[in-house]
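Take this structure first; my questions come after.
The values are calculated or read from the model by the stated rules, or taken from the named source; none is laboratory data. As the structure is a prediction and not an experimental result, all values here were calculated from the model. A quick note on method: Cβ atoms are made from the backbone with ideal geometry, for glycine too, and the neighbour counts reach across all protein chains shown. For the accessible areas, the whole protein counts, side chains as well, though only heavy atoms, and no ligand, DNA or RNA atoms are used. Shrake-Rupley method; radii C 1.70, N 1.55, O 1.52, S 1.80 Å.
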Amino acid sequence: MKREAIAASLNSSGNVPQGGELAEGLTITEHEAEQVERANASSAPPVVFVHGLWLLPSSWDRWVTLFEQAGYLCVTPGWPDDPETVTEAREHPEVFAGKGIREIADYEEAIIRRLKRKPVIIGHSFGGLLTMILAGRGLAAASVAISPAPFRGVLPLPISALRTASVALRNPANWNRAVPLTYEQFRYSFANAVGEDEAKELYLGYSVPGAGEPLFQAASANFNPWSEAQVNSTNPERGPMLIVSADSDHTVPWAIANASYKKEKQNKGVTEIVKMPGRGHALTIDAGWREVAEKALAFVKRFTTITARAA
């Protein structure tokens with residue numbers, strides 16, 4: 001996989017500089033660079049989709065089609081060293097190991113800072129937490145956090161969420177490992193709200209190993225003042241934010257999503273939350289993905305302007 005150095009200035013100003021000094025140690029794929037170049041060559045508002053644990057950027061493919069038909073230009077960055085395909089990811093799980101929240105957030109930020117305009121940022125699960133972190137750094141024109149993983153200050157710990165996280169947390173050595181999900185674990189954590197046949201299809205089509213470190217960081221966030229799982233929810237440059245929760249989500253139950261909403265509600269900007277009935281953690285990839293995507297799109301449209309040319 002070809003990668004090139006990221007030219008970006010990682011600061012907290014909230015502006016998206018064009019150019020800047022090299023971010024030490026960070027590289028992006030040729031595909032990511034091409035997506036950024038395509039977005040910068042268009043007058044369409046950019047949308048950045050951030051995936052979560054156990055998924056790849058390809059999990060957003062149908063969302064990209066929907067948003068681009070609506071007049072947006074989409075960028076789907078991976079996490080550092082993400083393989084290109086599910087097959088490759090399963091053959092080389094070791095590439096996911098050793099990735100912490102700050103490293104991943106900085107990687108996403110460096111790509112975002114290559115864009116000429118502030119993008120909308122949309123993320124799911126740990127991608128939802130990353131979306132909140134990035135919005136808290138002043139990088140988003142608007143943001144949508146779908147079933148976001150908890151950050152420091154979010155106190156509820158429902159049993160179902162602990163059961164999901166225990167896949168990694170039960171063995172301290174998993175901090176530096178990549179942790180795959182068995183089908184049974186995926187069925188409980190992601191696909192509990194769909195039928196057996198669809199659950200198997202989702203597992204085979206989307207599930208990949210995930211870094212263990214972010215799970216440990218999120219689990220210990222409220223005991224560690226220096227936790228990387230922190231969000232600047234009061235930054236006045238955060239931009240409008242929508243939180244989407246699934247009412248049957250085992251991984252990020254309503255109690256966690258609502259507690260995140262209450263923290264983000266302290267921001268002076270628009271903060272909203274919506275609960276999707278009868279949905280589980282796979283709500284962005286299962287057969288009902290369009291309903292969720294259209295909720296997100298309707299929110300985004302309220303805070304972005306599509307020119308006739310872009311549309």
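With a point put 7 Å past each Cα toward its Cβ, work out how far Glu184 is from Arg302 in nm, to one decimal.
That separation, rounded to one decimal, is 4.4 nm.
Provide the per residue accessible area, probe 1.4 Å, for the chain, rounded to a whole number of square angstrom.
Computed with neighbouring chains in place, this is 41 Å² per residue.
Considering only protein heavy atoms and a probe of 1.4 Å, how much of the accessible area of the chain is carbon and sulfur, as a whole percent? Before the final figure, lay out the partial values.
Values: 6460 of 12690 Å².
Carbon-and-sulfur percentage of accessible area, whole number: 51.
Here's another thing I want to ask about it. Between Arg170, Arg102, Arg152, find the one with the highest GNM mean-square fluctuation for the chain; connect C-alpha pairs within less than 10 Å.
Looking only at Arg170, Arg102, Arg152, the biggest GNM fluctuation is shown by Arg170.
Hey, another quick one. Just Gln35, Gln230, Gln266 to compare: in a GNM of the chain, with alpha carbon springs under 10 Å, which one fluctuates most?
Sorting by GNM fluctuation, first place goes to Gln266.
Most mobile of Met132, Met241, Met276 per a Gaussian network model of the chain (Cα springs, under 10 Å)?
Met276
Taking 22 Å as R0, compute the FRET efficiency from the Cβ-Cβ separation of His31 and Arg290 and round it to 0.05.
My answer for the efficiency is 0.30.
Could you give the distance between the Cα centres of segment 128-166 and segment 65-110, to the whole Å?
The distance from the Cα centre of segment 128-166 to that of segment 65-110 comes to 17 Å.
Do any of Lys99/Lys262; Lys262/Lys295; Lys200/Lys301; Lys118/Lys268; Lys116/Lys263 go past 26 Å between their Cα atoms, and which?
Listed pairs above 26 Å: Lys99/Lys262; Lys200/Lys301; Lys116/Lys263.
Then there is this: When the Kirkwood hydrodynamic radius is evaluated over all pairs of different C-alpha atoms of segment 71-120, what value in angstrom, to one decimal, is obtained?
By the Kirkwood definition, the hydrodynamic radius is 12.6 Å.
Turning to a different aspect of this structure: If each DSSP helix of 4+ residues adds -39,500 (n - 2.57) and the sum is divided by the residues in the chain, what number results at 222 nm, nearest 500 deg cm²/dmol?
Only helices count here, giving -10500 deg cm²/dmol.
Can you compute the FRET efficiency between Ala173 and Asp61 using 1/(1 + (r/R0)^6), with r the Cβ-Cβ distance and R0 = 30 Å? Round to the nearest 0.05.
Numbers: r = 34 Å, r/R0 = 1.14.
E between Ala173 and Asp61, to the nearest 0.05, is 0.30.
I need the peptides 291-300, 209-218 ranked by packing, meaning the mean over residues of other C-beta atoms within 10 angstrom, with the highest value on top.
In decreasing order of mean packing, 291-300, 209-218 become 209-218, 291-300.
Which residues does a label at Lys262 reach in segment 131-173, if reach means a backbone N under 19 Å from a point 7 Å past the Cα toward the Cβ?
Only 147-162 pass the distance filter.
Per 0.36 nm of contour for each residue apart, how much would the distance between Asn232 and Asp247 grow if the chain were fully extended, relative to their Cα-Cα spacing?
Extending this stretch completely gives an extra 2.8 nm.
If you place +1 on the Cβ of every Lys and Arg, -1 on the Cβ of every Asp and Glu, and leave all else neutral, what size is the dipole of segment 16-128 about its Cα centre, to the nearest 20 Debye? The partial results should precede the final answer.
Details: 10 positive and 18 negative charges, 126 e Å.
Dipole magnitude for segment 16-128 comes out near 600 debye.
Here's something else I'd like to know. Could you pull out which residues in segment 125-153 have an amide N less than 16 Å from a spot 7 Å beyond the Cα of Val270, following the Cα-Cβ vector?
Hits in segment 125-153 for Val270 at 16 Å: 140-145.
Roughly how many Å² of Ile273 are accessible to a 1.4 Å probe, to the nearest 10?
50 Å²
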